[in-house]
Amino acid sequence: MLLYHASKEIVKFPEIRKTRKMTDEWLDFIARCRNGATHRYDIVEGPMANDTIWNYVNDFLAGRINRKQFWVLAEFRYPTHQISFHTLSALNCLTFDRSEIIYDRKGKK
């Protein structure tokens, strides 16, 4: 595992998009990005569509399901959290801290 430290001081006025949970606004943002739209954010933080949710997003984008059907399918799915860096300025706020070897419960790498 690689650990980094992030500092807001290096990016003086970062454009950060934070989303705490999946919402219609989140779905629209994901759909726009998936269709090739760009955005002004240096950093995007929030729910990450895992494989199952991503399949629902693709079905929504392809018109196989509507918005209401998407939310029925996604209601009891819990996405992981993601912080993504979209500009060089955002990446410049990261400094390498350290690396660690992570072992599973059986003591294997």
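The values are calculated or read from the model by the stated rules, or taken from the named source; none is laboratory data. In this text, all values refer to a predicted model and were calculated from it rather than measured experimentally. Cβ: placed from backbone, ideal geometry, glycine included. Neighbour counts: every protein chain shown.
Among the residues of region 36-54, those that are touching a strand residue (DSSP E or B) at 6+ places or on another chain (Cβ under 6 Å) and among the aliphatic types (A, V, I, L, M) comprise Ile43, Val44, Met48.
Within the set of pairs 6+ apart or on separate chains, which have a first residue in region 69-95 that is within 17 Å of Arg17 (Cα to Cα), a second that is loosely packed, with under 12 Cβ neighbours inside 10 Å, and C-beta atoms under 6 Å apart? What qualifies is Cys93/Ser7.
For region 35-57, which residues satisfy the criterion of being touching a residue at least 12 places away in the same chain (Cβ under 8 Å), over 15 Å from Asp24 (Cβ atoms) and surrounded by 11 or more Cβ atoms within 10 Å (Cβ to Cβ)? Those that are touching a residue at least 12 places away in the same chain (Cβ under 8 Å), over 15 Å from Asp24 (Cβ atoms) and surrounded by 11 or more Cβ atoms within 10 Å (Cβ to Cβ): His39, Tyr41, Asp42, Ile43, Val44, Glu45, Met48, Asn50, Thr52. Each residue in region 72-83 was checked for being within 18 Å of the chain's Cα centre (by Cα) and either closer than 13 Å to Trp54 by Cα or surrounded by 13 or more Cβ atoms within 10 Å (Cβ to Cβ) (or both), and 6 pass. When Asp42 is tested against (1) out of contact with any Cys (no Cβ under 9 Å at 6 or more places or on another chain); (2) closer than 18 Å to Glu15 by Cβ, only condition (1) is not met. When region 36-65 is filtered for residues that are within 21 Å of Arg20 (Cα to Cα), small (Gly, Ala, Ser) and not in a strand (DSSP E or B), only Ala49 remains.
Taking (1) surrounded by 10 or more Cβ atoms within 10 Å (Cβ to Cβ); (2) part of a helix (DSSP H, G or I); (3) modelled with pLDDT of 85 or more in turn, Lys68 satisfies each apart from (1). Report yes if some residue within region 84-101 is assigned to a loop (DSSP other than H, G, I, E, B), over 20 Å from the mean Cα position of the chain (by Cα) and of a type outside the set (Phe, Trp, Tyr); otherwise report no. Checking region 84-101: at least one residue is assigned to a loop (DSSP other than H, G, I, E, B), over 20 Å from the mean Cα position of the chain (by Cα) and of a type outside the set (Phe, Trp, Tyr).
In region 91-109, how many residues are closer than 18 Å to Glu45 by Cα and either at pLDDT 85 or above or among the aromatic types (Phe, Trp, Tyr) (or both)? Explain how you work it out, then say what you get.
Just the residues of region 91-109 that are closer than 18 Å to Glu45 by Cα, to begin with: 91-94.
If we keep only those that are either at pLDDT 85 or above or among the aromatic types (Phe, Trp, Tyr) (or both) too, we end up with 91.
Residues flagged as closer than 18 Å to Glu45 by Cα and either at pLDDT 85 or above or among the aromatic types (Phe, Trp, Tyr) (or both) within region 91-109 amount to 1.
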